[in-house]
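Have a look at the structure below, then the notes.
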Amino acid sequence: MKINQDILNAWQKDFTDNGGEDCHFSNDGIMFRGELYTEEIEGQLQWKHKIGNNENELWENAKPRILYLTKDQNAKNGSAWDDRATSFRQPDSKKEDNKIWGKYRFHQNLVNTLYGLVNTTPDKFVEFEDIDQEEALKLSDSYPFARINCKKEAGGSNCSNDILTNDMENHSSYLEKQILNLEADILICCGHQNDENVILDFLNNHGYDFKWDEGDKGADDIYYDSAKNAIAIDVFHPSYYSKSEKFYYEDIVKTYYNFLKGHPKFIESLR
């Protein structure tokens, strides 16, 4: 957590020294797992997490360690926020209601896929229809996953490959250090667009060697780095509306399940 914050602080200073505004820079990394609280934002009481005192321990012991690599925040020309504090609970709801903030596809897709990945084994695949939504939401508030926006300057509703690639390369030393510091086991590359994934390409040029493995039993969108014992999954962004939630879920979780059938020792081989 400290190393991650040191990287973010240096990155933000570089960002502002080159004309960026502090309020447009987003912080991210291992999700905060402290107590839930509400904060009024744009007239809504939104659920947030305080930073806890055991995020490093939880992350170290997680099997698998899951990292979502997304494009940038959709701030609608407003200020960025700290993604690590995010809870996906419905604003103005009671904690005991356990309602997902269903207004945004991003929230539902992340909560669903996280639940599926955590509960998948070589012998078990959780069907989309069998997801317990309350349990999935509670897991998203407790499981130590991580998120990194590859472009730290908050943007709008769309980020093209050219803009994303240019930003990643301009800040490649920071982004590479931030990703490698986490030593994630599963890297969800949410950058599929126009039959390419520039986030996956960035990884392969900055510290990883992900290759498609013919032994993955048809898991076309999954790649394995044998030296790091890590996998990358090539998917659309979680907010992509042209595919159903079921399609998005299976594109990640069923792909991972197929990989595990070809590599049944993967989970137990993790640190």
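The values are calculated or read from the model by the stated rules, or taken from the named source; none is laboratory data. Keep in mind that this is a model prediction, so the values were computed, not measured. Cβ sites come from the backbone with ideal geometry, for glycine too, and all protein chains shown count toward neighbours.
Details
- Residue match in the range 13-24 (condition: in a helix (DSSP H, G or I) and in contact with a His (Cβ under 9 Å, 6 or more places away or on another chain)): yes
- Restricting attention to the range 63-91 and to residues that are closer than 21 Å to ASN119 by Cβ and part of a strand (DSSP E or B), the residue that is farthest from the chain's Cα centre (by Cα) turns out to be ARG89.
- Contacts under 9 angstrom Cβ, first residue in the range 176-188 being closer than 16 Å to ASN204 by Cβ, partner outside any helix (DSSP H, G or I) and hydroxyl-bearing (Ser, Thr, Tyr), 6 or more apart: ILE179/TYR208; LEU180/TYR208; LEU187/TYR68; LEU187/TYR208; ILE188/TYR68; ILE188/THR70
Residue-wise test of (1) of a type in the set (Asp, Glu); (2) over 19 Å from the mean Cα position of the chain (by Cα); (3) under 23 Å from GLY191 (Cβ atoms).
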{"position": "ASP17", "(1), (2), (3)": "yes, yes, no"}
{"position": "SER26", "(1), (2), (3)": "no, no, yes"}
{"position": "LEU36", "(1), (2), (3)": "no, yes, no"}
{"position": "GLU55", "(1), (2), (3)": "yes, no, no"}
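- Identity of the residue in the range 43-52, touching a residue at least 12 places away in the same chain (Cβ under 8 Å), outside any strand (DSSP E or B) and not basic (Lys, Arg), that ends up nearest to HIS192 (Cα to Cα): ILE51
- Residues of the range 1-24 satisfying the condition of being under 27 Å from ALA62 (Cβ atoms) and either free of Cβ contacts under 8 Å to residues at least 12 places away in the same chain or of a type in the set (A, V, I, L, M, F, W, C) (or both): MET1, LYS2, ILE3, ASP6, ILE7, LEU8, ASN9, ALA10, TRP11
- Considered as a group, the residues in the range 198-237 that are surrounded by fewer than 20 Cβ atoms within 10 Å (Cβ to Cβ) and in a strand (DSSP E or B) include one that is modelled with the lowest pLDDT, and that residue is LYS211.
- Count of residues meeting criterion [surrounded by fewer than 15 Cβ atoms within 10 Å (Cβ to Cβ) and within 17 Å of ALA62 (Cα to Cα)] in the range 125-143: 1
- Selection count, the range 146-176, where residues are of a type outside the set (S, T, N, Q), in a loop (DSSP other than H, G, I, E, B) and surrounded by fewer than 18 Cβ atoms within 10 Å (Cβ to Cβ): 1
- Of all residues in the range 240-271, those being at pLDDT below 90 and either part of a strand (DSSP E or B) or in contact with a His (Cβ under 9 Å, 6 or more places away or on another chain) (or both) number 1.
- Given (1) farther than 28 Å from ILE3 by Cα; (2) buried (at least 18 other Cβ atoms within 10 Å of the Cβ); (3) at pLDDT below 95, index of the condition GLY191 fails: (1)
- Residue in the range 105-117 that is in contact (Cβ under 8 Å) with a residue 24 or more places away in the chain and surrounded by fewer than 16 Cβ atoms within 10 Å (Cβ to Cβ) present: no
- Candidates TYR143, TYR115, filtered to the one that is outside any helix (DSSP H, G or I), among the aromatic types (Phe, Trp, Tyr) and at pLDDT 95 or above: TYR143
- Those residues of the range 177-197 which are touching a strand residue (DSSP E or B) at 6+ places or on another chain (Cβ under 8 Å), in a strand (DSSP E or B) and of a type outside the set (A, V, I, L, M, F, W, C), in sequence order: HIS192, ASN197
- Exactly one residue out of ARG105, ARG89, ARG84 is modelled with pLDDT of 95 or more, touching an Asp or Glu at 6+ places or on another chain (Cβ under 8 Å) and over 30 Å from THR16 (Cβ atoms): that is ARG89.
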